[in-house]
1. How much of the accessible area of the chain, probe 1.4 Å, is carbon plus sulfur, in whole percent?
2. In the chain, which Cys residues have no partner Cys with a Cβ closer than 4.7 Å?
3. Leaving out ligands and nucleic acids, and using a 1.4 Å probe, what accessible area per residue does the range 1-97 come to in Å²?
4. Looking at the chain, send over the antiparallel percent of its DSSP beta bridges, to the nearest 5.
5. Figure the gain on full extension for Glu29 and Asp71 (residue separation times 0.36 nm, minus the Cα-Cα span) and round it to one decimal in nm.
6. Leaving out ligands, DNA and RNA but keeping every protein chain, what accessible area does Asp95 have, in Å² rounded to the nearest 10, with a 1.4 Å probe?
7. Mind listing the phi-derived Karplus ³J(HN,Hα) values for the range 22-37, rounded to whole Hz, using 6.51, -1.76 and 1.60 with θ = phi - 60°, and x for any glycine or proline?
8. Give, as ranges by residue number, the residues of the range 76-106 whose backbone N falls under 14 Å from the point 7 Å along Cα→Cβ of Val18.
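The values are calculated or read from the model by the stated rules, or taken from the named source; none is laboratory data. Treat the numbers as computed from the prediction; the structure is a model and nothing was measured. Every residue, glycine among them, receives a Cβ derived from its backbone with ideal geometry; neighbour counts consider all protein chains shown. Note: accessible area is taken over every heavy atom of the protein model, side chains too, but ligands, DNA and RNA are not part of it. Shrake-Rupley method; radii C 1.70, N 1.55, O 1.52, S 1.80 Å.
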Amino acid sequence: MPQIIFLPHAVFCPDGLVVEVEPGVSLLEVAHDNHIEIESACGGVCACTTCHCIVREGFDSLNEADELEEDLLDKAWGLEAQSRLSCQAIVGDEDLTVEIPKYSLNHAAEAPH
């Protein structure tokens, strides 16, 4: 089973996390299943960029991004060559290292009360 390393993120995963998962699941599912509450304003249906992540290692083992995902990624904050929408990035057979960007463009997010 592939191992996924989530690098530390001040809000979503302060200590980082290492998990083993079955291939075929999305990075968003893995994160949420392990209490890393990455934003997903659209509910994970490839209609926003709030679940943007950067795959630091293992990028080529993921499924290929389709045209819709690539068009949306063009609008993501902090876009890099190894950026993916975590709702669309399906885990393959190789280990991954994932970084959650510091910021997200979530126009629907409510300010804390």
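1. Details: 3160 of 6440 Å².
Carbon-and-sulfur percentage of accessible area, whole number: 49.
2. So, Cys13, Cys46, Cys51, Cys53, Cys87.
3. Working: 5060 Å² over 97 residues.
Spelled out: the 1.4 Å probe surface of the range 1-97, per residue, equals 52 Å².
4. On the way: 12 of 15 bridges.
The answer is about 80 percent antiparallel.
5. Working: separation 42, 0.36 × 42 = 15.12 nm, distance 2.18 nm.
Fully extending the segment from Glu29 to Asp71 adds 12.9 nm.
6. Using a 1.4 Å probe on the heavy atoms, I get roughly 90 Å².
7. Per residue, the Karplus-derived 3J(HN,Hα) values read 6, x, x, 9, 7, 4, 5, 4, 4, 4, 5, 5, 10, 6, 9, 8 Hz.
8. 95-98
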